[in-house]
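Beneath this line is the structure, given in structure tokens, with notes to follow.
Every number in this text was worked out from the coordinates using simple rules, so none of it is lab data. Small disclaimer: the values here were computed from a predicted structure and weren't measured. Note that each Cβ is placed from the backbone with ideal geometry, even for glycine, and that neighbours are counted across all protein chains shown.
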Amino acid sequence: MKIILFLALVGLFSCSQKNISEDSVEYFTLSSFPVSKNIESKKYFYPEILTPHILTIKNAKVVLASISDENLIHIIDQKTMKYLVGKGNPGEGPDEIMNVWEFDNGFNENTIWAYSNTGKSFYEFDLSDSSKSAVSKIRQRGDWMQGMSMNWVKGNEIISYMNFSDNKFIVFDSLGKQISKAGPWSTTAKISDESKFVLSDLNQGSKSINREKLKLVLAKVNFDEFEIFDLNDQTVKVIKGPINEEFNYSIQADGNVNVAIEDENSVYGYNNSFMTENFIFLVFIGKTRNQLREIKETSRDIFQFDLEGNPIAHFKTNVSIRSIAVDEKQKKIYAITEDREPGIAVFEY
């Protein structure tokens, strides 16, 4: 049974790649970047933030999420880097949030949206006051419960990466009605329910959206590849690199489901992504599981691409980082560090 499933998935995984026109698949190596630059940082540590996870920039503020602190959301003045206020009490109560998996800037200048993949809900927080509670909340329901992310697209539409679907992404309205789909796993083969779950798990990664140009990036963790979805015309461009090695995995049973287990020697791809008005920034891992355990560092490499996937610059950081936010106008990168006292490293590029 496992052998049959494995062979079917290998064929389907290859088929899903062949669905994409060769013109839309591009390859790069480290030598493809016209600029390679070492960048130094100034670090800021905050005793209120002991377990930083992700961050973004909104309305002259750095907004950071932590895993298990007293507050799960932290607001910092971008100019002074002074800690302003904490929000988001952790918990399962009506005024609490279970976790913060991703941020979305939304449409309101004074608010930020936080997605809880544990609570299957989207929370809106006000950046201009001291209240710890969300001002509004959208809960996933029905088929939307299989969504693993939430990003505003336009109007009342929210796009989610799907855990159990024929497509990578589905657009819903705020009440959970399906609007459109993007990124079919296959246009030629019928996909089994087991395969949908495994393919979703294999291809998961960091999502980032540019609402003005309606472009979405999926930067994959398990291998060195990212996809640029044009939500205007439903096209996708796949950018592979810089290692371009074959991704090896096996299928194993985990309870009642089958999961993909990567080979010990497979190199991880991208840990985080951030889109600005004109560019895509990616945190590249480039290490095997054993190397990550030995070195205890996720990344010291940030790649910059334009919105068409053309390599622009390779930045090599002086500290280990895990996630980033970028101010394109000020040419600054804000990154969460991975040292004994993690904080925010600010790089000028």
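Per DSSP helix of 4 or more residues, -39500 (n - 2.57); summed, then divided by the residues of the chain. What does that give at 222 nm, rounded to the nearest 500?
So the helix-based figure for the chain works out to -3000 deg cm²/dmol.
Given a Förster distance of 22 angstrom, what is the FRET efficiency for Ser32 paired with Asn278, based on the Cβ-Cβ distance and rounded to 0.05?
After rounding to 0.05, the efficiency reads 0.75.
Who wins for biggest fluctuation among Val236, Val135, Val171 in a Gaussian network model of the chain, springs between alpha carbons below 10 Å?
Judging by the Gaussian network model, the answer is Val135.
7 Å from Cα along Cα→Cβ at both Lys213 and Glu92: what's the point-to-point distance in nm?
In this crude spin-label approximation the distance works out to 4.3 nm.
Express as a percent, rounded to the nearest 5, the fraction of DSSP beta bridges in the chain (both residues included) that run antiparallel.
Just about 90 percent of them are antiparallel.
With +1 on each Lys and Arg Cβ and -1 on each Asp and Glu Cβ, and nothing else charged, work out how big the dipole of the chain is about its Cα centre, in Debye to the nearest 20.
Roughly 300 debye, rounded to the nearest 20.
Would you please give the FRET efficiency between Asp339 and Arg289, computed as 1/(1 + (r/R0)^6) with r the Cβ-Cβ distance and R0 = 25 Å, to the nearest 0.05?
Taking R0 as 25 Å, the efficiency between Asp339 and Arg289 is 0.75.
If each residue of separation counts as 0.36 nm, what is the full-extension length gain between Ile312 and Ile261 once their alpha-carbon separation is subtracted?
15.1 nm
Scan (1) 154; (2) 140; (3) 234 for the value of volume of the Cα convex hull per residue in Å³ calculated from this model and give just the label.
Derived directly from the coordinates: (2).
Count the net charge of all other residues whose Cβ sits under 14 Å from the Cβ of Leu175, scoring Lys and Arg as +1 and Asp and Glu as -1.
Local net charge: +1.
With Cβ to Cβ distances under 13 Å as the rule, what net charge do the other residues near Val267 carry (K, R +1; D, E -1)?
-4
For the chain, modelled as a Gaussian network with Cα springs under 10 Å, which listed residue fluctuates most, Ile191, Ile209, Ile285?
Fluctuation is largest for Ile191.
So for the pair Asn232, Thr80, with labels modelled 7 Å out along Cα→Cβ, what separation do we get in nm?
The answer from the label model is 4.2 nm.
Where does the charge balance sit around Ser133 when Lys and Arg score +1, Asp and Glu -1, over other residues with C-beta under 12 Å from its C-beta?
Counting the neighbours of Ser133, the net charge comes to -2.
What aspartates and glutamates sit close enough to Lys190 to cross-link, taking a C-alpha to C-alpha distance under 16 Å and skipping anything fewer than 8 places away on the same chain?
Straight-line reach from Lys190, under 16 Å: Asp166.
Nothing charged except the Cβ atoms of Lys and Arg (+1) and of Asp and Glu (-1): what's the magnitude of the dipole of the range 148-217 about its Cα centre? Round to the nearest 20 debye.
280
So, with +1 on the Cβ of K and R and -1 on the Cβ of D and E, and no other charges, what is the size of the charge dipole of the range 98-163 about its Cα centre, to the nearest 20 debye?
The calculation lands at about 280 debye.
Among DSSP beta bridges whose residues both lie in the range 56-180, state the antiparallel percentage, nearest 5.
95
With each pseudo-label sitting 7 Å past Cα toward Cβ, what's the Phe164-Lys331 distance in nm, one decimal?
So the two model labels end up 5.0 nm from each other.
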